[in-house]
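Scroll down for the structure; my scribbles are underneath it.
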Protein chains: 6
Amino acid sequence: MTNERYKRGWDKLMQIDGEGGERVIESLKEIAPDLGTYIVEFAFGDIYSRDTLDARQRQLITLAALTAQGGCEPQLGVHINASLNVGLTPREVVEAIMHCVPYVGFPKVLNAISVAKDVIAKRGVSAKQESCGP
Amino acid sequence: MTNERYKRGWDKLMQIDGEGGERVIESLKEIAPDLGTYIVEFAFGDIYSRDTLDARQRQLITLAALTAQGGCEPQLGVHINASLNVGLTPREVVEAIMHCVPYVGFPKVLNAISVAKDVIAKRGVSAKQESCGP
Amino acid sequence: MTNERYKRGWDKLMQIDGEGGERVIESLKEIAPDLGTYIVEFAFGDIYSRDTLDARQRQLITLAALTAQGGCEPQLGVHINASLNVGLTPREVVEAIMHCVPYVGFPKVLNAISVAKDVIAKRGVSAKQESCGP
Amino acid sequence: MTNERYKRGWDKLMQIDGEGGERVIESLKEIAPDLGTYIVEFAFGDIYSRDTLDARQRQLITLAALTAQGGCEPQLGVHINASLNVGLTPREVVEAIMHCVPYVGFPKVLNAISVAKDVIAKRGVSAKQESCGP
Amino acid sequence: MTNERYKRGWDKLMQIDGEGGERVIESLKEIAPDLGTYIVEFAFGDIYSRDTLDARQRQLITLAALTAQGGCEPQLGVHINASLNVGLTPREVVEAIMHCVPYVGFPKVLNAISVAKDVIAKRGVSAKQESCGP
Amino acid sequence: MTNERYKRGWDKLMQIDGEGGERVIESLKEIAPDLGTYIVEFAFGDIYSRDTLDARQRQLITLAALTAQGGCEPQLGVHINASLNVGLTPREVVEAIMHCVPYVGFPKVLNAISVAKDVIAKRGVSAKQESCGP
């Protein structure tokens, strides 16, 4: 049964985070393998596998939680990739981070945008916003 | 023109936060009226009036940013109401907050859920989740 | 099997947090019952049930994490009670919170001490430190 | 010598925080008297007694650090009083808090302004800003 | 009019942050140009252009808000330069950061001091404090 | 007497942090020597020299406070070394950080574990956990 949660979580992790997620679990093998197991079982097997919100909505929430928290640049990298994997466009990812400005201020948003810039450049996609404010 | 941003922001504030937003601006009248102006002009006239993400997506992001930040219970109250105003269901609001657990831990999520419980009770709607985890 | 994790978690929750923990789970019944289930299964059935560190060591860590995070006064209340339940003395609880001053500053420590004062008073025990600095 | 640091700190505490500071130290008497001693000796005897910045500059810094940190409403109350005690005007206090918006976002600033509103009202002084933005 | 706010903000940005600020706006050109516009218009055109506090007082507040928030090392770099640009001495910058210790603890202060050390070294100025505590 | 606190603090710093601590103090010599003095006198001479909790318990608390705070990777490096110096095993260090997951979420824990991995590798000790969850 633990196996069922793990399997469901692993499938979800692969579908959402892909390689980036696999690398996180892999990096924990030597130092804290159970932590990797909990990420798979709890974060992905329990939480991400729930219904009510779809994968794109969940990624918007994740981007905001990581941006607001600060100091989570490596995790933002994984989840900006994940956001693009589940079908958010680069512009939507950038917009989601920008929406946080009134709530967390410019510095945390600048840090998150800087990660987005790198991720998007590596994927070779364009997020250039035409000035689309009102 | 400042007037145009203000007007656009005020309409947006009314549409999203409604009374709760008006009370915030009102409460600043005596002590820091310009702060209220900036909330209307910048947060609502500039940021919330942008396209690329719709009102419901923006509220999911706002809920996550406030939950992740901690100590923002009064603002969570306003924005849980706002989330319901723009058409998120009580279950979606609760689910959005719960999705933050792997990113911010249980205590901040419990604090946000406690606000949601009060807001939803006052509005007389039911958010009861049937156990809907996988 | 989920049942096994839940059962193990519930026993652990009862043993550590006692009534305070039960009230938290109970308060989630109407609004987010699955969140209560995750607290029991994951926080207590998985994490608290691990070996390597005993219950008293885990409570010291919990007290520090909650003090450092800020804004977690309700959870500190539960876990100061839990700390006393597993055999930490009131003086050890206060000392653990005070040890955080160099890392998080006085304000968060003062907020946590204020919770400790209330909890200890309600339990009718004395935490009075004789001045025990060097 | 500890006595000298304590005496210097106590005089500084009285001069800056006045009654509010005394109440904090007093409230620690039963639960953690040494914590009160460290506040007097280290925060006030060492840090606040340094030169290079004057009392008003130090209060601006304190207000920003407490606003940015979040969840420090009780300490903000003490230090908004302290700011007025050392000669900052209510308008300067409000302005200092408002200056934090681009760095920490609106919610933390709103929480701090709310404390300022109460403190200033209790002292019976007016902080009403004429709209003084450019 | 947006143009007026932008122009006023740009002049203020140049006067305070200089090259460092320009580089931030420039770095956003491809990924999120509107974010750069908001920094110019809102942070500098609205907030920094207000009266009641002068440029040096505003920088003290900014340094404290960034130090307290943590994880804002790139922004601290820009604003330590800005602080020196508007006439704060290296010793005053270091002192402002040190004043935060009682409120945020040593780690965040050490991180900020480390940025200050680099910035000051690059500008070729000396911030060496003679031991100036009481 | 300051000398006595300094001496006691220095001995404690050497005993706990060893070289890592000395490097921190050394790095402050040019930019903020008094900050180094306060770390020695207050953090180590006052706080770490108190009784009621032993060195290992204090390190568990320090690890949790630094993990929970986020953005304190350099200080975590010093204190993971310190934890091993006072007799915590690599497995206990990793376990202490993992215990924080329910309170602060996975990202901060992953960042702290990543530091632990580096420190432990440099010391040439093994922290490999056998899967030891229940």
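The values are calculated or read from the model by the stated rules, or taken from the named source; none is laboratory data. The structure presented is a predicted model; accordingly, all values stated were derived computationally and were not measured. Reconstructed Cβ throughout: ideal geometry from the backbone, glycine too, with neighbour counts over all protein chains shown. The protein model used for the area step is the full one, side chains on, heavy atoms only, and it has no ligands, DNA or RNA in it. Shrake-Rupley method; radii C 1.70, N 1.55, O 1.52, S 1.80 Å.
Observations on the structure shown:
- Taking every DSSP helix (H) stretch of at least 4 residues in chain A, weighting each as -39,500 (n - 2.57) and dividing the sum by the residue count yields a mean residue ellipticity at 222 nm of -21000 deg cm²/dmol.
- Alpha carbon centroid spacing (whole Å) that separates segment E:15-59 from segment B:83-103: 34
- Among the residues of segment A:24-39, those with an accessible-area drop of 40 Å² or more from chain alone to full protein complex, heavy atoms and 1.4 Å probe, are A:GLU30, A:ILE31, A:ASP34, A:LEU35, A:TYR38.
- Within 10 Å of each Cβ in E:44-52, the average number of Cβ atoms from other chains: 6
- Inter-copy label distances at D:ALA121 (7 Å, Cα→Cβ; nm, one decimal): 2.5, 2.5, 5.1, 5.1, 5.7
- Relative contact order of chain D: 23 percent, from C-alpha pairs under 8 Å at least 6 residues apart in sequence.
- Inter-copy label distances at C:GLY87, shortest first and taken from points set 7 Å along Cα to Cβ: 1.7, 5.5, 5.9, 5.9, 6.5 nm.
- Remark: mean inter-chain Cβ contacts per residue of D:85-97 equal 3, using a 10 Å Cβ-Cβ cutoff to other protein chain atoms.
- Degrees separating the helix E:19-28 axis from the principal Cα axis of chain E, which is the longest one: 50
- Average projected area [Cα convex hull, chain B], square nanometres: 8.9
- Comparing mean-square fluctuations of E:THR52, E:THR89, E:THR37 from a GNM of chain E with C-alpha springs under 10 Å, the top value falls on E:THR52.
- If R0 is taken as 30 Å, the Cβ-Cβ distance between C:MET14 and B:GLU19 corresponds to a FRET efficiency of 0.10.
- Inter-copy spacing of E:ASN3 label points, which lie 7 Å from Cα along Cα→Cβ, given in nm from shortest upward: 1.9, 7.1, 7.1, 7.3, 7.5
- Interface area, chains F and E: about 1600 Å² of buried accessible surface, summed, with a 1.4 Å probe and ligands, DNA and RNA left out.
- Between the helical axis of A:90-99 and the longest alpha-carbon principal axis of chain A there is an angle of about 80 degrees.
- Surface composition of segment E:28-134: carbon plus sulfur atoms contribute 50% of the solvent-accessible area (1.4 Å probe, protein chains only, all chains present).
- Note on chain C: with a GNM built from Cα contacts shorter than 10 Å, the maximum mean-square fluctuation among C:VAL104, C:VAL78, C:VAL119 falls on C:VAL104.
- Per residue, in Å², the accessible surface of chain D once ligands and nucleic acids are set aside, probe 1.4 Å: 34
- On Cα atoms only, tilt of B:73-85 relative to the major axis of chain B in degrees: 90
- One residue of chain D places its C-beta nearer than any other to the axis carrying D onto A; that residue and its whole-Å distance are D:GLY105, 2.
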